[in-house]
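First the structure, in the form of structure tokens, and then the observations on it.
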């Protein structure tokens, strides 16, 4: 079963419904015990970095998430959930992220229309473990004002161009993150969720 972590400000139910349609058992929960027992985790999100960290602290979720992922449990961060996998964010400089991936979250440059909202295409890097499953140049749905900048380019699986190159799919061992919303990205977004779930659920 996949547990969708409820930290109070996530886009939860659309992710859950998408997984249900694909035939994957899932549960939305903020119970640390259930998070600890789950074979796979999804950390969705809309809202601010600092508020999200505060809610996870309030619900005693940070330690259990960190311990689970450090033991090899797969996790998928979606939108804000991806950003929370990093060490820090310019959005909330006083709050630390989960620090699974070295790097930071930066505000989109003012030369762009912010937020980046709507459809944009994704190009895959040479590190792409999804090769052959999702063709280059497919469009996915975005809604964000900040983007991730990992220290190592080896973790970047997919990029998008918005007058700045945005890493939009990250993979580092059991840790996955996407800046787009797969649950809102029609055929290819749902295909991504299915591909990820099949990889991580025995």
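Tell me, yes or no, whether segment 187-198 has at least one residue that is crowded, with 20+ Cβ neighbours inside 10 Å, out of contact with any strand residue (DSSP E or B) (no Cβ under 8 Å at 6 or more places or on another chain) and more than 22 Å from residue 48 (Cβ to Cβ). Yes: segment 187-198 contains one or more residues that are crowded, with 20+ Cβ neighbours inside 10 Å, out of contact with any strand residue (DSSP E or B) (no Cβ under 8 Å at 6 or more places or on another chain) and more than 22 Å from residue 48 (Cβ to Cβ).
Looking only at residues in segment 62-84 that are buried (at least 23 other Cβ atoms within 10 Å of the Cβ) and farther than 11 Å from residue 100 by Cβ, the one that is nearest to the chain's Cα centre (by Cα) is 78.
Between 87, 154, the distinction of being surrounded by 13 or more Cβ atoms within 10 Å (Cβ to Cβ) and in contact (Cβ under 8 Å) with a residue 12 or more places away in the chain belongs to 87 only. Given the condition at pLDDT 95 or above, crowded, with 20+ Cβ neighbours inside 10 Å and not in a loop (DSSP other than H, G, I, E, B), answer yes or no: does some residue in segment 21-28 qualify? Yes, some residue in segment 21-28 is at pLDDT 95 or above, crowded, with 20+ Cβ neighbours inside 10 Å and not in a loop (DSSP other than H, G, I, E, B).
The values are calculated or read from the model by the stated rules, or taken from the named source; none is laboratory data. This is a predicted model, so every value here is computed, not measured. Note that each Cβ is placed from the backbone with ideal geometry, even for glycine, and that neighbours are counted across all protein chains shown.
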